[in-house]
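Asks: Supplied in structure tokens, the structure appears directly below.
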Amino acid sequence: MKTGDRVMSLPVIQEIVPSGSLGTVQEVYSDGWGVVKFDDGIRLLIKLNKNFVVVKE
């Protein structure tokens, strides 16, 4: 994933945000973590690859 990608959350993090929540990757770090800003305004520092899929809108 890269900065600017639109992503959808996977069920594995549904305790944090509802499954299928859409957001935009704002920052990506070399260790696989990054910051995602969801469409509802929540910003989250989280492991990217196992918790999100890139979507085309």
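Throughout, read-outs are computed from the coordinates displayed, never taken from laboratory work. The structure presented is a predicted model; accordingly, all values stated were derived computationally and were not measured. Cβ: placed from backbone, ideal geometry, glycine included. Neighbour counts: every protein chain shown.
Asks: Would you mind counting up the charge near PRO18? Only other residues with Cβ under 14 Å from its Cβ, with Lys and Arg at +1 and Asp and Glu at -1.
Replies: -3
Asks: What net charge do the residues around PHE52 carry, taking every other residue with its C-beta under 11 Å from that of PHE52, with Lys and Arg at +1 and Asp and Glu at -1?
Replies: Taking every other residue near PHE52 into account, the sum is +2.
Asks: Which ³J(HN,Hα) values in Hz, rounded to whole numbers, follow from the phi angles of segment 36-49 under the Karplus curve 6.51 cos²θ - 1.76 cosθ + 1.60, where θ = phi - 60° and Gly and Pro get x?
Replies: 10, 9, 7, 4, 7, x, 5, 10, 9, 8, 7, 5, 7, 5
Asks: Ok, one more. Within the chain, which is the longest segment that contains none of the trypsin sites (Lys or Arg not before Pro) sitting in a DSSP loop with at most 15 other Cβ atoms within 10 Å?
Replies: On the way: sites that count: LYS2, LYS50, LYS56.
Between exposed loop sites, the widest span is 3-49.
Asks: Working out 0.36 nm times the residue gap between ARG43 and THR24, then minus their Cα-Cα distance, what length gain in nm do you get to one decimal?
Replies: 5.9 nm
Asks: Please list, in chain and number order, the residues 5+ apart from SER21 or on another chain whose amide H is under 5 Å from its amide H, with Hs placed from the backbone.
Replies: SER9
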